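Participant: Before I ask anything, here is the structure I am working with.
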Amino acid sequence: MSAMPNLSAELSTVVVVGSGIAGASAAQTLRSEGFRGRVVLIGDEPALPYRRPTVSKDFLSGATAAEKTTLKPDSFWEEREIELITGATAVGLDTGRKRLTLSSGETLQFSALLLATGGKARRLDGVSGANVFTLRSMADADSLRASIRRTGSLLVIGGGLIGCEVAATARSLGAEVTVLERDPSLLSRIVPPEVSTMIASLHAENDVDVCTDVALSSLDVSDDGSARAVADDGRSWDAGTVLVSVGTVPEVTLAVAAGLRVHNGITVDGQFRTSADGVYAAGDAANIPGARDDERYRSEHWNGAQAQGIAAAQSILGKPTPFTDVPWGWSNQYGHTVQFAGATRFDDDYVIRGSIADRDFTAVAVREGTPVGVIAVGRPKDLRTVRTMIARGGAVDRAALADESVALTDVLAGEREGRVAAAR
Ligand SMILES: Cc1cc2nc3c(=O)[nH]c(=O)nc-3n(C[C@H](O)[C@H](O)[C@H](O)COP(=O)(O)OP(=O)(O)OC[C@H]3O[C@@H](n4cnc5c(N)ncnc54)[C@H](O)[C@@H]3O)c2cc1C
């Protein structure tokens, strides 16, 4: 443990709302940084903090049991005297009196509060029914798995990361799977068309029917639970189970009710401070400053939420460090791991190393000569190196970047030494 920081006498109790990776990492960091006051970690889910990414993958398939998804055993929290309260919802926040109210009626006085309330699945108006699901939690996955097994067919509305992963997992459960995507291609906002095509081919090889350009006009659920989706152009699809997977929205109910500044997430500064004194936010719920002055973003990735939770705890303890994390995430589909970092858009200018068709590539998004994002399949080392390039900023030698005979670490070293070919 590091030396006890010089804490303000007022910092006696830190309450963390949300026991996902951001909240759990924050609570853990408070202790590892030497804070000896009271730490309370509140989560509305019944389970111990767990690895949410498994919810669309091995936990949904049933390959990994619930107890194998936990971040830490019960004893971990006890030994560190972190008061973990599961199955409790924080329903009221009085920022002036620094008081939090739980659904049980219990109130907690805090000196600092971290809102790590995460996100929730976006819903489609008017789309509901017995076999219509969204997916965020292990409980959601239990219900979805049971329905897929019972009905044998799944219609996924939304061809984003989670929709694609669930399609792959449902195939492993033996279901017939159809994916309906509103845009012309899968993952269309974050990957270039060539990568979309590669991912679509993976699904086609695994007998998933991917339908794009689908403007859904209705989804009717009959009494027996089976559903029929109809598109504007007359196409229709029938399925026993429906997953609505059309994005994530930040969980800001408590923050809004408390009058905090909220705009696509709880607005925080570079030290994770919200608009209320002593109240911080981190993870999927937070809208944080980006690398450039005019940029703000909300991470929806596991590692980003973890890094933010750690940094927020350090800030609470009066030891803020500049937050320069380049967010990154991954997706597993049919045994292939797609990794991505930074900010990628479908219409970015990409420099490709390797072969997208062979599913072995690194695609670096370059804007105004500078790497801003990366997508990689089967190349975790490349991803790490390009993340460093993105964090560092500055121009890149495009020809060297595309040249497989030049190691990416050498490209990075060249940039560090200012060896960008002037003509390029
Ligand atoms: C199905 C799925 C698959 C994913 N797969 C990947 C992946 O492969 N790779 C990747 O990088 N990222 C993945 N992600 C994203 C990643 O899981 C999230 O970015 C990360 O979990 C965010 O962590 P968090 O702690 O900010 O929020 P969350 O994990 O959402 O945790 C917030 C917690 O706070 C609780 N809470 C909310 N409000 C209250 C309240 N008022 N009182 C008490 N508790 C409250 C919530 O119920 C939740 O338990 C996936 C997400 C999902 C849903």
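The values are calculated or read from the model by the stated rules, or taken from the named source; none is laboratory data. Note that the coordinates shown come from a computational prediction; the quantities given were computed from them, not determined experimentally. Cβ: placed from backbone, ideal geometry, glycine included. Neighbour counts: every protein chain shown. For the accessible areas, the whole protein counts, side chains as well, though only heavy atoms, and no ligand, DNA or RNA atoms are used. Shrake-Rupley method; radii C 1.70, N 1.55, O 1.52, S 1.80 Å.
Participant: Among residues belonging to segment 54-76 that are within 15 Å of the ligand (Cβ to nearest atom) and more than 16 Å from Arg145 (Cβ to Cβ), point out the one that is most open to solvent (accessible area, probe 1.4 Å).
Facilitator: That would be Lys72.
Participant: Ok, one more. Within segment 361-381, is there a residue that is surrounded by 15 or more Cβ atoms within 10 Å (Cβ to Cβ), among the charged types (D, E, K, R) and within 22 Å of the chain's Cα centre (by Cα)?
Facilitator: For segment 361-381, residues surrounded by 15 or more Cβ atoms within 10 Å (Cβ to Cβ), among the charged types (D, E, K, R) and within 22 Å of the chain's Cα centre (by Cα): present.
Participant: When residues of segment 300-324 are filtered for being in a loop (DSSP other than H, G, I, E, B) and more than 13 Å from the ligand (Cβ to nearest atom), how many remain?
Facilitator: 8
Participant: Now for a separate question. Look at Val132 and say whether it is open to solvent by less than 30 Å² (accessible area, probe 1.4 Å) and either in contact with a Ser or Thr (Cβ under 6 Å, 6 or more places away or on another chain) or not polar (S, T, N, Q) (or both).
Facilitator: yes
Participant: So Leu60 fits all but one of (1) over 25 Å from Ser104 (Cβ atoms); (2) assigned to a strand (DSSP E or B); what number is the exception?
Facilitator: Exception for Leu60: condition (2).
Participant: Taking the options Thr248, Thr197, name whichever one is open to solvent by 50 Å² or more (accessible area, probe 1.4 Å) and among the polar types (S, T, N, Q).
Facilitator: One residue alone meets the criteria, Thr197.
Participant: May I pose another question? Looking at Gly354, Gly329, which one is at positive phi and part of a strand (DSSP E or B)?
Facilitator: Being at positive phi and part of a strand (DSSP E or B) holds for just one of Gly354, Gly329, which is Gly354.
Participant: Return yes when Ser19 is polar (S, T, N, Q), more than 12 Å from the ligand (Cβ to nearest atom) and within 20 Å of Ala312 (Cβ to Cβ) and no when it is not.
Facilitator: So Ser19 does not fit the description; no.
Participant: Among the candidates Leu243, Leu186, which residue alone is of a type in the set (A, V, I, L, M) and in a strand (DSSP E or B)?
Facilitator: The match here is Leu243.
Participant: Please go through segment 251-299 and give me each residue that is part of a strand (DSSP E or B) and either polar (S, T, N, Q) or open to solvent by less than 20 Å² (accessible area, probe 1.4 Å) (or both), ordered by number.
Facilitator: Within segment 251-299, Ile266, Thr267, Val279, Ala281, Ala286, Asn287, Ile288 meet the criteria.
Participant: On the given criteria, is Ala291 of a type outside the set (Lys, Arg) and either within 15 Å of the ligand (Cβ to nearest atom) or under 17 Å from the mean Cα position of the chain (by Cα) (or both)?
Facilitator: no
Participant: Going by the structure shown, is Leu48 within 16 Å of the ligand (Cβ to nearest atom) and open to solvent by less than 50 Å² (accessible area, probe 1.4 Å)?
Facilitator: Answer is yes for this residue.
Participant: Moving to a separate point now. If Ala307 satisfies every condition in (1) surrounded by fewer than 23 Cβ atoms within 10 Å (Cβ to Cβ); (2) touching a Pro at 6+ places or on another chain (Cβ under 9 Å) but one, which is the exception?
Facilitator: The failed condition is (1).
Participant: What number of residues within segment 6-55 are over 23 Å from Ser103 (Cβ atoms), small (Gly, Ala, Ser) and more than 19 Å from the chain's Cα centre (by Cα)?
Facilitator: Total meeting the criteria: 6.
Participant: Further question: For Arg80, state whether it is within 11 Å of the ligand (Cβ to nearest atom), open to solvent by 10 Å² or more (accessible area, probe 1.4 Å) and touching a helix residue (DSSP H, G or I) at 6+ places or on another chain (Cβ under 9 Å).
Facilitator: No; evaluated as a whole, the condition is false for this residue.
Participant: So, Leu187, is that one touching a residue at least 12 places away in the same chain (Cβ under 8 Å), crowded, with 24+ Cβ neighbours inside 10 Å, over 27 Å from Ile352 (Cα atoms) and not assigned by TED's automatic domain parsing to the domain that holds Ala63 or not?
Facilitator: no
Participant: Report the residue count in segment 167-176 for those that are surrounded by fewer than 20 Cβ atoms within 10 Å (Cβ to Cβ) and either assigned by TED's automatic domain parsing to the domain that holds Ala47 or not in a loop (DSSP other than H, G, I, E, B) (or both).
Facilitator: So the count comes out to 3.
Participant: While we're looking at this one, here's another question. Of the residues that sit in segment 210-249 and are touching a Ser or Thr at 6+ places or on another chain (Cβ under 8 Å) and within 30 Å of Val91 (Cβ to Cβ), which one is nearest to the ligand (Cβ to nearest atom)?
Facilitator: Ser245
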